[in-house]
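These notes are about the structure you will find just below.
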Amino acid sequence: MKALILSGGKGTRLRPLTYTGAKQLVPVANKPILWYGIEGIVAAGITDIGIIISPETGEEVQNLTGKGDRFGANITYILQEEPAGLAHAVKVAQPFLGDSPFIMYLGDNLIQSDLTPFLQDFTTHKLDALILLRPVDNPTAFGVAKVDESGRVLQLVEKPQVPPSNLALVGIYYFSPKVHEAIAQIKPSARGELEITDAIQNLIDRSQPVESRILEGWWLDTGKKDDLLSANQIILDSDVRTEIYGELDGDSQAIGRVKIGRGTTVKNSSIRGPVVIGENCHIENCFIGPYSSIADNVSLIDADLEHSVILQEAKIEGIHQRIVDSLIGRRAHVGAARPRPKALRFMVGDDCQIELV
């Protein structure tokens, strides 16, 4: 059994953060999103992993993630020259996958469930495809499945205007090698991509065994800021334990579950967990509130922070208002503006009404 993780794409929903980096490397609780997927796959006993990368961010993914030693895996990187669809990614990866069954995992997904029981079902029932589903409130935004009472998949539709159900495809699939035959028979969709839903539908139409399972526990697509902050909150709630390797002076305190990395100094500050702070940070005259993740080499001076994610080497200083629900990118600098005479400057269009309080 092999694994194929998709770590390409342009990350448009997280721009401008992802103009300069891969969305799958944005950290949740100070660990790249991509790594959670790798760890879950390895925990299910799959160690031969291919990662689809793009020309824009592939080098960054390789440099940070490495060859797989830290995960107990062997990682092969596979370049997809253009984002031409999930089924196209499988087609590009066919030399790596060979005749092996495999799990396909979208690299910006976070799930609570163990992957092992699904793998066992896939193997025991000798399926050609097993898809994971989750009820959602807005099925028009997802690929959607229609299934019978036993979980057999009857129909798949990509982002339908009239959904046949509220069961969305989670972005985790188990395939036999027969999926390659199906991909060879489909054509690009209206948006010019080879859709994995069309390939699975081809298997269904040819009476191949395709089943589904409902995913229990939480599932988070981290493609947007608020979703990423929610993921950060959930991971901090479930995983953070108190580990303080940095230095707190006598005027500082850490309350609750707080993790602080080596080389970090905390002066005249209060930290209320769950919070994770990376290595070599400088925190002075600050309040760090719950559900905040601060990456390595960050400087926070005279700042209050809560429910936010701060990436590597960012600097926040002199902000005399609390920062909440925020995502601050790498090497960003947030500071107070210089005082200046108060004035109002306008460019007002036709037929506008403006009220100043």
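The values are calculated or read from the model by the stated rules, or taken from the named source; none is laboratory data. A quick note: this is a predicted structure, and the numbers were derived from the prediction, not measured. Counting neighbours? That spans all protein chains shown, and the Cβs are built from the backbone with ideal geometry, glycine included. Remember, those area values only see protein heavy atoms, side chains included, never the ligands or the DNA or RNA. Shrake-Rupley method; radii C 1.70, N 1.55, O 1.52, S 1.80 Å.
When you look at LEU220, is it surrounded by 19 or more Cβ atoms within 10 Å (Cβ to Cβ), assigned to a strand (DSSP E or B) and modelled with pLDDT under 90, yes or no?
Against the criterion (surrounded by 19 or more Cβ atoms within 10 Å (Cβ to Cβ), assigned to a strand (DSSP E or B) and modelled with pLDDT under 90), LEU220 qualifies.
Select, from SER299, SER270, SER293, SER238, the only residue that is of a type in the set (S, T, N, Q), out of contact with any strand residue (DSSP E or B) (no Cβ under 8 Å at 6 or more places or on another chain) and at negative phi.
Only one candidate passes the filter, namely SER238.
So how many residues does region 282-303 have that are in a strand (DSSP E or B) and either among the charged types (D, E, K, R) or under 21 Å from ARG257 (Cβ atoms) (or both)?
8
Filter region 302-354 down to the residues that are at positive phi and either of a type outside the set (Asp, Glu) or modelled with pLDDT under 90 (or both), then identify the one that is least open to solvent (accessible area, probe 1.4 Å).
Among residues in region 302-354 that are at positive phi and either of a type outside the set (Asp, Glu) or modelled with pLDDT under 90 (or both), the one least open to solvent (accessible area, probe 1.4 Å) is GLY318.
Select from region 224-258 the residues that are among the basic types (Lys, Arg) and in contact (Cβ under 8 Å) with a residue 24 or more places away in the chain and write down the one among them that is surrounded by the fewest Cβ atoms within 10 Å (Cβ to Cβ).
Here the residue is LYS224.
Evaluate the following for GLU195: is it touching a strand residue (DSSP E or B) at 6+ places or on another chain (Cβ under 6 Å), among the charged types (D, E, K, R) and either crowded, with 16+ Cβ neighbours inside 10 Å or modelled with pLDDT under 95 (or both)?
Yes.
Do we have any residue at all in region 117-131 that's open to solvent by less than 10 Å² (accessible area, probe 1.4 Å), within 20 Å of the chain's Cα centre (by Cα) and modelled with pLDDT under 95?
no
Taking region 28-49 on its own, how many of its residues are surrounded by fewer than 23 Cβ atoms within 10 Å (Cβ to Cβ) and either within 24 Å of LYS91 (Cβ to Cβ) or at pLDDT below 90 (or both)?
Of the residues in that region, 3 qualify.
With the condition kept exactly as written, say whether any residue in region 96-105 is of a type in the set (A, V, I, L, M, F, W, C), open to solvent by 10 Å² or more (accessible area, probe 1.4 Å), part of a strand (DSSP E or B) and under 28 Å from GLN233 (Cα atoms).
No - not one qualifying residue is present in region 96-105.
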